[in-house]
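S.K.: Take this structure, written in structure tokens, and hold onto it; I'll ask about it next.
The values are calculated or read from the model by the stated rules, or taken from the named source; none is laboratory data. Since we're looking at a predicted model, the values are computed, not measured. Cβ placement follows ideal geometry from the backbone for every residue including glycine, while neighbour counts extend to all protein chains displayed. Just the protein is used for accessible areas: all its heavy atoms, side chains included, with ligands, DNA and RNA removed. Shrake-Rupley method; radii C 1.70, N 1.55, O 1.52, S 1.80 Å.
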Amino acid sequence: MRALLTLLLLASAAPLAHAGNNELTMGSYVRALRSSSANAVTTESLTGGSLQVGRALHLGLMPDLEIWATAGLDWGGTEGTMFQTMTTEVDTLGLTVGGRARYALHANLAVSGRLDLGTARNELTLTGNGHMVSDSAWGGTLKAAAGLDLLAIAHPRFSLGLRVELGHVAATATALSPREAGDSTKIELDAMQASIGHLDLGGTYLSFSVMSQF
């Protein structure tokens with residue numbers, strides 16, 4: 001009986017199993033657009049997908065706390081109307097690098113927080129009166145999020161589950177000057193391209209991803 005109690009105490013005090021040095025997540029998100037510039041071209045949220053890879057750093061700061069270096073790719077889009085006569089289309093493509101701190105509460109449950117720094121290419125297309133104008137520009141992004149991992153498979157060398165994240169994206173407002181893509185034989189005048197200001201696609205988001213560590 002004493003031997004059994006000793007084994008149980010040792011098991012409860014031991015760190016939770018870590019399922020590999022690599023992580024891969026793929027999922028979708030919805031981002032609420034609240035800036036005045038975004039609301040001028042659409043009343044819809046930005047929806048899209050994301051792909052992220054991670055590598056465990058093994059810093060050994062404290063038991064059950066994992067530190068990961070991450071890199072990600074995300075894309076999304078939305079549509080709307082402008083001046084009640086023009087249809088709008090917004091597309092974005094982002095690249096990020098950052099880090100994640102992940103704390104295992106149980107073999108099948110973990111909480112995490114991450115911070116990413118990156119850049120995004122924002123594109124705006126306006127269509128109306130038989131004409132289409134568009135422009136794109138790159139801007140900076142800063143992303144912070146809190147996550148919850150629910151693992152259906154949690155083996156020492158492989159895990160698979162669902163990650164839910166709630167976060168916020170702060171983005172620099174990109175300056176856009178849409179113009180019409182004309183015939184290459186035409187001479188384009190400066191008046192054919194005019195600035196419409198800046199577009200800020202920052203906002204709070206919710207994401208659901210399938211994650212695996214191996």
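S.K.: Let me confirm something: among 101, 69, 137, which residue is among the aliphatic types (A, V, I, L, M) and surrounded by 17 or more Cβ atoms within 10 Å (Cβ to Cβ)?
M.R.: 137
S.K.: Okay, moving on. Mind checking which residues of segment 84-98 are at pLDDT below 95 and open to solvent by less than 40 Å² (accessible area, probe 1.4 Å)?
M.R.: 88
S.K.: Would you confirm whether any residue within segment 177-192 is surrounded by fewer than 19 Cβ atoms within 10 Å (Cβ to Cβ), modelled with pLDDT under 90 and in contact with an Asp or Glu (Cβ under 6 Å, 6 or more places away or on another chain)?
M.R.: Yes, segment 177-192 has at least one match.
S.K.: Please verify whether segment 76-83 includes one or more residues that are within 24 Å of the chain's Cα centre (by Cα), more than 25 Å from residue 198 (Cβ to Cβ), open to solvent by 20 Å² or more (accessible area, probe 1.4 Å) and touching a residue at least 24 places away in the same chain (Cβ under 8 Å).
M.R.: no
S.K.: Follow-up question, since we're still on this one. Would you say residue 55 is open to solvent by 60 Å² or more (accessible area, probe 1.4 Å), on the phi < 0 side of the Ramachandran plot and among the basic types (Lys, Arg)?
M.R.: So residue 55 fits the description; yes.
S.K.: Would you call residue 157 open to solvent by 60 Å² or more (accessible area, probe 1.4 Å) and under 19 Å from residue 65 (Cα atoms)?
M.R.: Spelling it out, residue 157 is indeed open to solvent by 60 Å² or more (accessible area, probe 1.4 Å) and under 19 Å from residue 65 (Cα atoms).
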